[in-house]
1. Looking at the structure I just gave you, is A:TYR65 surrounded by 15 or more Cβ atoms within 10 Å (Cβ to Cβ), among the aromatic types (Phe, Trp, Tyr) and in contact with a Lys or Arg (Cβ under 8 Å, 6 or more places away or on another chain)?
2. May I ask you to verify whether A:THR33 is at pLDDT below 95, of a type in the set (Ser, Thr, Tyr), within 10 Å of RNA strand B (Cβ to nearest atom) and surrounded by fewer than 23 Cβ atoms within 10 Å (Cβ to Cβ)?
3. What do you reckon, is A:GLU337 within 30 Å of A:LEU404 (Cα to Cα), outside any helix (DSSP H, G or I) and within 13 Å of RNA strand B (Cβ to nearest atom)?
4. Quick check on A:PHE388: is it more than 15 Å from A:HIS58 (Cβ to Cβ), within 16 Å of RNA strand B (Cβ to nearest atom) and not basic (Lys, Arg)?
5. Can we say A:THR249 is out of contact with any Pro (no Cβ under 6 Å at 6 or more places or on another chain), surrounded by fewer than 21 Cβ atoms within 10 Å (Cβ to Cβ) and among the hydroxyl-bearing types (Ser, Thr, Tyr)?
6. Can you pull out every residue in region A:120-137 that is of a type outside the set (A, V, I, L, M, F, W, C), part of a helix (DSSP H, G or I) and crowded, with 16+ Cβ neighbours inside 10 Å?
7. Only one of these conditions is not met by A:LYS14: (1) more than 9 Å from RNA strand B (Cβ to nearest atom); (2) surrounded by fewer than 18 Cβ atoms within 10 Å (Cβ to Cβ). Which number is it?
8. From the set of residues in region A:350-385 that are buried (at least 16 other Cβ atoms within 10 Å of the Cβ), part of a helix (DSSP H, G or I) and among the polar types (S, T, N, Q), which is farthest from RNA strand B (Cβ to nearest atom)?
Amino acid sequence: MQPLVIYNTLSRTKEEFRPLNPPLVGMYVCGPTVYSDVHLGNCRTFISFDLIYRYLVHLGFKVRYVRNITDAGHLEGDRDEGDDKFAKKAKLEQIEPMEVVQRYTVGFHNIMREFNTLPPSIEPTATGHICEQIEMIKEIMARGFAYEMGGTVYFDVEKYSREYNYGQLTNRKLEELLEGTRDLHGQDEKRGRLDFALWIAAKPETLMRWPSPWGWGFPGWHIECSAMSRKYLGDTFDIHGGGMDLQATHHTNEIAQSRACYHSAPVNYWMHTNMLTVNGTRMSKTAGNGFTPQELFTGNHPLLEKGYAPMAVKFFMLQTHYRSTLDFSNEALQASEKGFEKLMNSYATLQSLKGSPNSSENIEALHSKCYEAMNDDFNTPVLIAHLFDAVRIINSTADNKASLTQNDIDLLKKLYNDFVFDVLGLKTEEANSKLSHALDNVVALLLEMRSKAKSEKNFNLSDEIRDKLLTAGLQIKDTKEGTTWKI
RNA sequence: GGUUUCGUGGCCGAGUGGCUAGGCAGCGGUCUGCAAAACCGCGUACAGCGGUUCGAAUCCGCUCGAAACCUCCA
């Protein structure tokens with residue numbers, strides 16, 4: 001079987017994945033800034049990396065998955081001034097900044113649980129690592145790549161560029177980058193226009209502040225990821241991920257900070273997930289064309305015709321490759337909802353299949369095709385196409401149009417457990433067991449009545465029972481072996 | 001303006017030179033008292049123009065169109 005290949009942003013090609021210290025794998029993903037409800041685009045990124053994490057674990061790697069919580073130091077503007085997002089939000093809501101952080105961190109975790117993502121191994125916060133950030137800034141200054149102006153410390157991009165390739169990640173030259181920036185504003189104290197803040201001096205009204213060698217202040221946005229990834233994964237680690245929008249600025253600066261600090265490149269494989277769009281344009285907080293995950297689940301938003309279950313949404317996302325943009329529309333979402341239902345129904349059917357002396361299908365070949373799809377840069381759309389092959393085989397067997405040995409049936413069960421549940425992280429909606437037991441009995445009673453009516457050719461009554469059950473949300477299905485039903 | 005990516009059948013979405021995914025919707029059929037579900041079959045798509053090649057959705061050029069980044073956002 002072909003080895004696992006990963007598209008590396010650094011080389012812009014798919015590369016064979018070779019961890020530094022197998023079977024250990026270090027993976028860092030830029031987490032959310034918890035100053036408001038988690039954005040659906042964020043969710044896509046974290047679902048993508050959850051898939052990657054799950055697959056690496058499935059392959060037997062021992063993965064340390066670090067995903068941070070940004071709870072300080074993320075500025076509103078690009079000019080390194082103004083308050084950070086938490087303090088601003090806290091003032092608006094008249095609460096403590098850490099209250100904002102707590103509220104939205106909890107909300108974020110709840111949504112991630114709805115999507116059935118696994119918790120990371122470590123979830124460090126920026127405010128919990130102020131010391132590490134200050135130490136790193138000191139090291140960068142000691143190597144001459146940063147300078148202090150009035151209590152604010154800036155990273156010297158031009159100086160860095162004389163020794164390293166600053167635009168490496170986006171394949172851009174310094175001159176091109178310089179052309180793209182705006183003119184320096186009069187009040188700005190930076191030396192170069194590409195310079196960015198590592199530490200920002202607190203203003204009298206700044207709520208979130210810490211002491212440092214440069215006075216009271218707070219860390220810049222980019223330094224937290226460099227400091228925390230280094231602390232938990234080492235100077236150089238295997239995978240760093242995030243959304244594509246972080247590539248040009250945040251990740252470029254992370255590389256610069258690490259190299260300026262300890263010379264070596266921090267990451268071997270940079271992975272970037274693509275954006276979520278609505279009607280062809282990017283869903284963003286500022287464009288106002290987005291909805292929250294909660295609104296998506298309930299359908300309580302003008303853009304949504306109805307609510308969609310978390311698993312249906314997740315399945316919809318996984319039907320697109322993580323490096324492609326994904327456009328949200330009711331039509332597409334409903335198509336996925338039905339496809340997901342079909343996939344899950346076949347799993348229930350699979351449980352009732354009986355083995356035959358021989359098989360008309362090659363399940364082992366199907367199994368290895370699934371691995372091939374995933375080994376090709378986590379190609380979930382192709383994986384799902386193979387899973388629908390399994391669906392067809394299962395349903396055909398149930399219809400006596402194909403046959404499977406018990407061994408093959410067990411192999412199919414393993415296929416579902418491996419890929420549908422373990423790797424894709426999908427699950428069926430669980431019903432309350434006591435309630436569902438009672439429901440079973442009630443439906444069985446009604447079906448018995450209907451069956452009696454049918455045998456007496458009282459089709460009016462039998463159809464009435466069927467139609468009223470459908471209205472109540474239960475669909476029944478007559479088969480040769482008897483009548484089955486589902487919600 | 002610069003950098004990058006993309007344009008696939010009604011919709012979503014895989015696919016980097018020949019073997020032409022998959023889902024949803026549609027049509028025809030099998031099954032069925034009728035349904036539903038399931039299964040079988042069908043549509044022969046690759047923005048346009050030109051080029052390379054025995055052969056291109058896939059490589060090259062141009063044109064048109066879209067998006068992302070360059071400025072806070074995954």
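The values are calculated or read from the model by the stated rules, or taken from the named source; none is laboratory data. Keep in mind it's a predicted model, so treat the numbers as computed, not measured. Glycine also receives a Cβ, built like all others from the backbone with ideal geometry; neighbour counts cover every protein chain displayed.
1. no
2. Considered against the rule, which asks whether it is at pLDDT below 95, of a type in the set (Ser, Thr, Tyr), within 10 Å of RNA strand B (Cβ to nearest atom) and surrounded by fewer than 23 Cβ atoms within 10 Å (Cβ to Cβ), A:THR33 comes out as no.
3. Against the criterion (within 30 Å of A:LEU404 (Cα to Cα), outside any helix (DSSP H, G or I) and within 13 Å of RNA strand B (Cβ to nearest atom)), A:GLU337 does not qualify.
4. Yes.
5. So A:THR249 passes the test.
6. Selection gives A:THR127, A:HIS129, A:GLU132, A:GLN133.
7. Failed condition: (1).
8. Among those that are buried (at least 16 other Cβ atoms within 10 Å of the Cβ), part of a helix (DSSP H, G or I) and among the polar types (S, T, N, Q), it is A:ASN375.
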